[in-house]
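> Let me begin by handing over the structure; questions about it come next.
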Amino acid sequence: MWEALAEICEDQRITINEFCGLVDESRGPSSLTAAIRVAIVAYYRELARSGPSLPALASIIGRTGSPAAAPVPRDLDGES
């Protein structure tokens, strides 16, 4: 998790503290640790979808600040 967090921050040219602050502002009732994990996974999912261009971190954190708000992948939602 730490390596992924450092990589995201390097890609986005922000500090780890700034990343955590963005997540903290949008996380809702979940713990900060859980919200950071969700943001990391969401970032890499978006990166996989978007190809070589970097995803916009603010839009990812805004969509997934809380683990409860994270979208369920289509292949896991039982409706595939």
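Throughout, read-outs are computed from the coordinates displayed, never taken from laboratory work. Given the structure is predicted, the values throughout are model-derived calculations rather than measurements. As a convention, Cβ positions derive from the backbone with ideal geometry for all residues, glycine included, and neighbour counts pool all protein chains shown.
> Just give me the residues in the range 18-57 being farther than 13 Å from Met1 by Cβ, in a helix (DSSP H, G or I), touching a helix residue (DSSP H, G or I) at 6+ places or on another chain (Cβ under 9 Å) and not aliphatic (A, V, I, L, M), in sequence order.
Glu18, Asp24, Glu25, Ser26, Arg45, Glu46
> In addition: Inside the range 1-60, can you point out the residues that are of a type in the set (Asp, Glu) and touching a Pro at 6+ places or on another chain (Cβ under 8 Å)?
Filtering the range 1-60 down to residues of a type in the set (Asp, Glu) leaves 3, 7, 10-11, 18, 24-25, 46.
Passing the criteria: only Glu46.
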